[in-house]
Amino acid sequence: MREVRKTSENTVVSYERDLRNMEQFFEGQGVSGAAKVTVTLLNSYILFQERQGRKPATISRSIAALKAFFHYLHREGYIAEDVAEDLKAPKVEKKAPAILTKEETVRLLEEAKGRTPKELRDRAMLELLYATGIRVSELISLEMPDVNLEMEYITCRDGNKERIVPFGRIAKQALEAYLKDGRPKLTEEGSTYLFTNCSGQAMSRQGFWKLVKTYGRKAGITTELTPHTLRHSFAVHLVSNGADLHSVQEMLGHSDISTTQMYARMSRNPIREVYAKAHPRS
């Protein structure tokens with residue numbers, strides 16, 4: 001996954017978790033070793049996940065991990081048959097991701113307005129996330145050399161891929177305040193991470209997720225709020241203000257423009273709103 005397919009670290013971690021879950025299930029069934037797994041057993045495992053109430057998207061990813069794993073084993077000669085080859089993923093209903101309005105975004109960002117080291121860090125993280133649209137995994141893995149305050153851009157790395165993403169004046173101000181009065185009091189000496197938790201260690205995804213939820217509640221935001229919501233909101237707000245899709249694609253790090261096109265569809269005004277603004281007798 002890492003060396004040949006060059007997949008992202010998130011995908012590697014997800015696949016590993018899925019395969020460990022499969023291993024645990026089969027050990028409970030008395031099956032030890034991949035060579036003893038059959039098509040029937042794999043289908044029973046998928047049925048088990050459905051009965052556990054797993055979402056179709058979760059099961060689909062699990063099946064993708066199984067197919068990649070058993071295809072590799074078969075190709076390398078560890079098993080005689082690729083038992084996962086004909087597995088079918090359940091249909092996943094694609095729904096538009098939740099986004100914040102521009103007003104809700106402002107309320108969220110301004111909620112972190114204190115001057116303690118933690119609050120300065122929180123404000124800088126939220127502002128930078130919305131200013132760049134980067135993934136949470138990219139945000140928490142940023143290191144000091146990845147930030148160019150003078151030129152106002154960050155360098156993001158996902159596996160072996162690297163991209164430059166600009167940020168604006170307000171995010172710069174939040175970063176400057178954090179680097180001056182926040183980071184020196186939070187970060188352990190010698191650490192290169194831009195953001196850390198209050199113990200000076202690298203921040204986890206779960207830690208930042210809780211941070212976002214806390215400020216969302218304080219801001220009175222009822223929209224389903226996750227760290228990825230700010231990434232989606234960043235993209236939709238850019239497109240609705242006239243940014244071209246290829247530029248947004250590059251900033252988000254999408255390999256396929258079709259993924260970015262979703263934001264163009266989401267940014268279109270509803271017909272009723274267009275009618276109300278345009279018709280002289282509305």
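General observations
- Tensor-based shape of region 125-202 (alpha-carbon gyration tensor, a/c under 1.5 rounded, otherwise prolate or oblate): oblate
- Segment ARG17-GLU250, length gained on full extension (0.36 nm per residue, minus Cα span): 80.9 nm
- Which label in [x] 0.95; [y] 1.01; [z] 1.04 gives the computed Rg/Rh (Cα atoms, Kirkwood Rh): [z]
- Given a 1.4 Å probe and the protein chains as shown, LYS113 ends up with an accessible area of around 140 Å².
- Carbon plus sulfur fraction of accessible area for the chain, probe 1.4 Å, in percent: 50
- Computed from phi, the 3J(HN,Hα) profile of region 178-188 under the Karplus parametrisation 6.51, -1.76, 1.60 (θ = phi - 60°) reads 5, 5, 7, 10, x, 4, x, 8, 9, 8, 5 Hz, with x in place of Gly and Pro.
- In order through region 15-30: 3J(HN,Hα) via Karplus (6.51 cos²θ - 1.76 cosθ + 1.60), integer Hz, x for Gly, Pro: 5, 4, 4, 4, 6, 5, 5, 4, 4, 4, 5, 5, 4, x, 8, x
- Global form of region 12-155, assessed from the alpha-carbon gyration tensor, a/c cut-off 1.5: prolate
- Amide H partners (placed H, <5 Å) of TYR153, local residues excluded: ASN148, PHE167
- For the chain, the relative contact order works out to 17 percent when only alpha carbon pairs closer than 8 Å and six or more residues apart are counted.
- In this structure the chain gives 60 Å² per residue of accessible area when probed at 1.4 Å with all protein chains present.
- Built amide H within the under 5 Å cut-off of MET203, gap 5+: ASN197
- Length added when fully stretched, THR155-ALA57, from 0.36 nm per residue minus Cα-Cα: 32.2 nm
- Across region 71-88, computed HN-Hα scalar couplings (Karplus, 6.51 cos²θ - 1.76 cosθ + 1.60, θ = phi - 60°) run 5, 5, 4, 5, 4, 8, x, 7, 10, 7, 9, 7, 6, 9, 4, 9, 5, 10 Hz from first to last residue, x flagging Gly and Pro.
The values are calculated or read from the model by the stated rules, or taken from the named source; none is laboratory data. All values reported here derive from a predicted model rather than from experimental measurement. Note: accessible area is taken over every heavy atom of the protein model, side chains too, but ligands, DNA and RNA are not part of it. Shrake-Rupley method; radii C 1.70, N 1.55, O 1.52, S 1.80 Å.
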